[in-house]
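Step one of this worksheet: look at the structure below.
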Amino acid sequence: MADGTDQKSSNQMWGGRFASGPSAIMEEINASIGFDKKLYAQDIRGSMAHAAMLASKGIISPEDKDKITDGLNTILSEIESGSFEFSRKLEDIHMNIEARLATLIGTAAGRLHTARSRNDQVALDFRLWVKEELQKTEGMLTALIAAFLDRAEENADTVMPGFTHLQTAQPVTFGHHCMAYVEMFGRDRARVRHAIEHMDESPIGAAALAGTGYPIDRHMTAKALGFREPTRNSIDTVSDRDFALEFLSIASICATHLSRLAEEIVIWSTPQFGFIRLSDAFSTGSSIMPQKKNPDAAELVRAKTGRINGSLIALLTVMKGLPLAYSKDMQEDKEQVFDAAESLELAIAAMTGMIRDLEVRKDRMRAAAGSGYSTATDLADWLVREAGLPFRDAHHVTGNAVALAEKKGCDLADLSLEELQAIHPGITKGVFDVLSVEASVASRTSFGGTAPSEVKKQIAWWRGRN
């Protein structure tokens, strides 16, 4: 009875989940195999390159290198077929693979870890994974940009209202609006490419933190693994997670752009706007209201931004107080990156599908383009250009014209010449050439402007760059 009471007290102290007290808790907090098994391909690839280098330098025998390579290929096949048994007691992907290798090939397996540490091993695996993920992201962003370029080309002269403060500002073209997102996602892609170049250094060979006394060739392993060169400081190598932070930073900025686009899709697809119709593939219905078509895919893209931003803040917080070199805290880096990568991939893929599938309602865009006296700036510019007024005076005259149109419940183009001349005698019938939305957008021919001719130039430039 006493033994039972003691056992119960122990379990209560450590929590019901942990049957054997402190050692179970240590296993729970220390093990990372539940998530870092995602790095199996990178771990095996790195080990093969390391073994080849050790053999080339005479540190291990060619026979041992061949046994190691054959064993690692067997393990790779086992993992990919689903027959490999991962063990929490072996903590992480590195020890799981090493233990299985020892079972397969015996003592030769122990020679693989010569001249390396789990510190540089995990830095290598993780860096390889992030580099590959960035390359995948680059391709997905290229596909999204291509979808926008197609839409922009189709709608280079489709007029719509341009907004500031979500209030009608000036007429623009939908093609021009699409090209704004091309610029945004183009910057995201440029950041991805820069990050790949920035992180293109191999960590393997830094060992625990001080390098190694074995005559290794780090340039050989760097080349074999597709890196530009090896890292240049062993302490920094094992303590650096900038590449993960850069990935999360890029992901957060890109997710912010996706979220802004998602918000516009949500707004534009409402009956009140009606600028677009989403395809059934990216919409859902209501369980109670049969008329509803909800933009759930866009809303979920918008929500993913919170997860991705949270991952960035989490890893920044983990890293902010760590002394050099490696600390176990850094085990908390991978889940944040893995989750953000999955969320970003899904969000980009969903948005690319939505942009390719959506129906543009040109009639609704055209009707809205002239609302809210969107050509008022064109009237002010005409007064400066044709009547010689200072812009501030022209602004005042235009304000009076808008007030009159508002009082009469009509558009600026519906005011008579006499009414306009009563506001300012310098106004002539030529003013009506600029008061239509089509004339307004056609006049915006400055570099990067909304004129269809300029939009087509920018599309051509991006197609040449893509």
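The values are calculated or read from the model by the stated rules, or taken from the named source; none is laboratory data. Just so it is clear, the structure is predicted and the values come from calculations on it, not from any experiment. For neighbour counting, all protein chains shown are included, and Cβ atoms are generated from backbone atoms with ideal geometry for every residue, glycine included. Areas reflect the complete protein model, heavy atoms only, side chains present, ligands, DNA and RNA absent. Shrake-Rupley method; radii C 1.70, N 1.55, O 1.52, S 1.80 Å.
Ratio of Rg to Rh for segment 87-246: 1.23 [Cα atoms; Kirkwood radius as inverse mean 1/r over pairs].
Amide H contacts for SER202 (H built 1.01 Å from N in the peptide plane; partners 5 or more residues away or on another chain; cut-off under 5 Å): GLU229, THR231. Computed over the alpha-carbon pairs of the chain, the distance histogram in 10 Å steps reads 4, 16, 19, 17, 15, 12, 8, 5, 3, 1, 0 percent, short to long. Using alpha carbons only, the radius of gyration of segment 46-172 set against its Kirkwood radius gives Rg/Rh = 1.35. Of all aspartates and glutamates in the structure, those lying under 15 Å Cα to Cα from LYS408, and not within fewer than 8 positions of it along the same chain, are GLU418, GLU419.
Size estimate for segment 200-349 follows the Kirkwood approach: the inverse of mean 1/r over distinct Cα pairs works out to 18.5 Å. With the largest listed first and rounded to whole Å, the semi-axes of the equivalent ellipsoid of segment 371-466 from the Cα gyration tensor are 31, 14, 10. Surface analysis of the chain yields an accessible area of 48 Å² per residue, using protein heavy atoms and a 1.4 Å probe.
The chymotrypsin sites (Phe, Trp or Tyr not before Pro) of segment 220-283 include none that meets both conditions, a loop assignment by DSSP and at most 11 other Cβ atoms within 10 Å of the site Cβ. The share of accessible area on the chain that comes from carbon and sulfur is 53 percent, using a 1.4 angstrom probe.
Scaled against the 2.2 N^0.38 Å expected of a compact globular protein of N residues, the Cα radius of gyration of segment 321-401 reads 2.32. Each residue was assigned an accessible area with a 1.4 Å probe, and for THR375 the value is about 10 Å². The helix-based estimate of mean residue ellipticity at 222 nm for the chain, built from -39,500 (n - 2.57) per DSSP H run of four or more residues and divided by its residue count, is -20500 deg cm²/dmol to the nearest 500.
In this structure the amide hydrogen of ALA169, modeled in the peptide plane, comes within under 5 Å of the amide hydrogens of GLY162, PHE163, THR164, none closer than 5 places in sequence on its chain. Panel note: the C-alpha atoms of segment 96-143, placed on their principal axes, show extents of 49, 21, 13 Å (largest first). Computed from Cα positions, the angle between helix 391-408 and the longest principal axis of the chain comes to roughly 80 degrees. Solvent-accessible surface of protein heavy atoms, probed at 1.4 angstrom with all chains present, puts HIS50, HIS176 in the order HIS176, HIS50, largest first.
Per-residue 3J(HN,Hα) values for segment 123-129, derived from phi via the Karplus relation 6.51 cos²θ - 1.76 cosθ + 1.60 with θ = phi - 60°, read 4, 5, 4, 5, 5, 4, 5 Hz in sequence order (x marks Gly and Pro). Within the same chain, lysines fewer than 8 places from LYS65 are excluded, and of the rest, those with a Cα less than 16 Å from its Cα are LYS57.
Considering only SER440, LEU346, MET319, the residue lying farthest towards the positive end of the dipole of the chain is SER440, judged by Cα position with unit charges set on Cβ.
With the charge dipole of the chain set up from +1 on Lys and Arg Cβ and -1 on Asp and Glu Cβ about the Cα centre, the Cα lying farthest toward the positive end among the listed residues LEU124, GLN331, VAL172 is that of VAL172.
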